[in-house]
Amino acid sequence: MLMLVFYILVISDRLRLESTLAEKLKEHREQEEQRLSSYLRRTEEIIDSRLPGTEFIRGAQQVESELTNAALNAKRFILATGGQSRLEKYLATIAQKVMDEGVSYTRVIFGDHIHHELCTHLCSLVDHPHVRIAHAPKETSGTVLVTDNVLIFTTIPTRV
């Protein structure tokens with residue numbers, strides 16, 4: 001009987017500790033979310049104050065959508081940086097604009113890494129007269145897409 005009481009006390013104490021830990025983790029998560037939200041809000045304010053008319057986009061899906069739409073609306077040229085892109089719709093849109101409409105396309109690859117999807121995309125276009133591919137040995141963070149009507153700069157690790 002004494003062992004049973006001892007076991008119940010140990011289990012009860014353990015459950016109380018687990019409950020306390022869960023509450024502390026929840027508090028910590030909420031604090032981190034508030035800090036991140038505050039940071040993103042402040043970043044948006046800084047960007048807007050320095051570059052009026054700049055749109056601040058969040059999330060990988062929205063970035064992919066904006067990149068694809070920018071490529072789709074390009075009339076004369078597309079300049080893109082980075083070797084990590086693996087967004088198939090975005091890359092297919094660029095290829096379609098080059099092949100069907102003669103849009104000039106320049107891709108600058110930074111560093112030594114290139115994703116398979118981008119490599120396949122560039123291999124299909126490398127011999128096209130409107131395509132230029134350049135390489136810079138130094139890795140950078142962020143990706144830039146410039147067309148005749150938009151500039152997109154991403155800093156999230158979406159591998160766009």
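What is the projected area of the convex hull of the Cα atoms of segment 1-56, averaged over all directions, in nm²? Walk me through the numbers on the way to the answer.
Details: hull surface 16.0 nm².
Dividing the Cα hull surface by four gives the mean projection, 4.0 nm².
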Here segment 110-116 yields Karplus 3J(HN,Hα) values (6.51, -1.76, 1.60; θ = phi - 60°; whole Hz; Gly and Pro given as x) of 9, x, 9, 10, 9, 6, 4
For 25-38, 75-88, 120-133, 96-109, ranked highest to lowest by mean beta-carbon neighbours within 10 Å, the order is 75-88, 96-109, 120-133, 25-38
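Out of the DSSP beta bridges found with both residues in the chain, what percent are antiparallel (nearest 5)? Present the calculation step by step, with values, prior to reporting the outcome.
Working: 7 of 18 bridges.
The antiparallel proportion sits near 40 percent.
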How much mean residue ellipticity at 222 nm does the chain get from its helices, if each DSSP H run of length 4 or more adds -39500 (n - 2.57) and you divide by all residues, to the nearest 500 deg cm²/dmol? -19000 deg cm²/dmol
What's the local net charge at THR147, with K and R +1, D and E -1, over the other residues with C-beta under 11 Å away? +2
Tell me, what HN-Hα J-couplings in whole Hz come from the Karplus equation 6.51 cos²θ - 1.76 cosθ + 1.60 at θ = phi - 60° for each residue of segment 67-76, using x for Gly and Pro? 5, 5, 5, 4, 5, 4, 8, 5, 10, 10
Mind pulling the angle between the C-alpha long axis of helix 2-50 and the longest principal axis of the chain? Nearest 10 degrees, somewhere in 0 to 90. 30 degrees
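Each reported figure results from applying straightforward, stated rules to the coordinates on display, with no laboratory input. None of these values were measured; they are calculated from a predicted model. Because the Cβ atoms are built from the backbone with ideal geometry, glycine has one as well, and the counts that use them run over all protein chains shown.
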